[in-house]
1. Name the pairs whose Cβ atoms lie under 6 Å apart, with the first residue in segment 72-98 and charged (D, E, K, R), the second in a loop (DSSP other than H, G, I, E, B), and 6 or more positions between them or separate chains?
2. Here are some conditions: (1) of a type in the set (A, V, I, L, M, F, W, C); (2) modelled with pLDDT under 95; (3) more than 19 Å from the chain's Cα centre (by Cα). LEU84 meets all but one. Which one does it not meet?
3. If you go through segment 63-77 one residue at a time, do you hit one that is farther than 30 Å from MET1 by Cβ and modelled with pLDDT of 95 or more?
4. Could you grab me the full set of residues in segment 6-60 that are in a helix (DSSP H, G or I), open to solvent by less than 50 Å² (accessible area, probe 1.4 Å) and among the hydrophobic types (A, V, I, L, M, F, W, C)?
5. Within the bounds of segment 91-109, is there any residue that is in a helix (DSSP H, G or I) and either open to solvent by less than 70 Å² (accessible area, probe 1.4 Å) or on the phi > 0 side of the Ramachandran plot (or both)?
6. Starting from segment 26-53, keep only residues that are more than 11 Å from ALA2 (Cα to Cα), then list their pairs with residues that are open to solvent by less than 80 Å² (accessible area, probe 1.4 Å) and aromatic (Phe, Trp, Tyr) whose Cβ atoms are within a distance under 9 Å, requiring at least 6 positions of separation or different chains.
7. Test GLY68 against the criterion of being touching a residue at least 60 places away in the same chain (Cβ under 8 Å) and either touching a Lys or Arg at 6+ places or on another chain (Cβ under 8 Å) or outside any loop (DSSP other than H, G, I, E, B) (or both), and give yes or no.
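The values are calculated or read from the model by the stated rules, or taken from the named source; none is laboratory data. As the structure is a prediction and not an experimental result, all values here were calculated from the model. Cβ placement follows ideal geometry from the backbone for every residue including glycine, while neighbour counts extend to all protein chains displayed. Keep in mind that these areas ignore ligands, DNA and RNA; they rest on the heavy atoms of the full protein, side chains included. Shrake-Rupley method; radii C 1.70, N 1.55, O 1.52, S 1.80 Å.
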Amino acid sequence: MARIAGVNIPSAKRLEIALTYIHGLGRARAIEICQKTGIDASRRVNQLTDSEVIRIREVIDADYTVEGELRREVGMNIKRLMDLGCYRGLRHRRKLPVRGQRTHTNARTRKGKAVPIAGKKK
């Protein structure tokens with residue numbers, strides 16, 4: 001199992017799929033990394049040599065924000081919005097949908113389990 005950016009990537013999968021296990025890398029960036037390093041994206045991770053894994057690791061460290069650093073950056077952006085008191089920050093604070101979704105019905109993923117209110121039924 002290769003370890004890149006603090007993540008054990010699965011060794012039986014193709015390289016372009018295995019790289020998506022790293023937070024912050026999707027299919028497009030995984031293919032881009034393969035092209036930059038000159039490694040065939042269809043090769044399996046267990047077929048890679050140590051030098052190729054090191055090359056991939058160096059490209060990711062140099063060019064991309066991934067894993068803990070990315071999570072910290074996103075968290076700080078959300079905290080900044082909340083501190084500003086802007087509309088999006090207020091929605092984050094109240095744990096409601098941020099991007100304009102309706103909340104009269106649905107929004108259960110964000111709001112949590114429905115809590116019954118006594119005496120509401122007419």
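1. Close Cβ pairs satisfying both conditions: ARG88/VAL98; ARG91/VAL98.
2. The one condition LEU84 does not meet is (2).
3. Scanning segment 63-77, I find at least one residue that is farther than 30 Å from MET1 by Cβ and modelled with pLDDT of 95 or more, so the answer is yes.
4. Within segment 6-60, LEU15, ILE17, ALA18, LEU19, ALA30, ILE33, CYS34, VAL45, VAL53, ILE56, VAL59, ILE60 qualify.
5. yes
6. Pairs found: ARG29/TYR64; ILE33/TYR64.
7. yes
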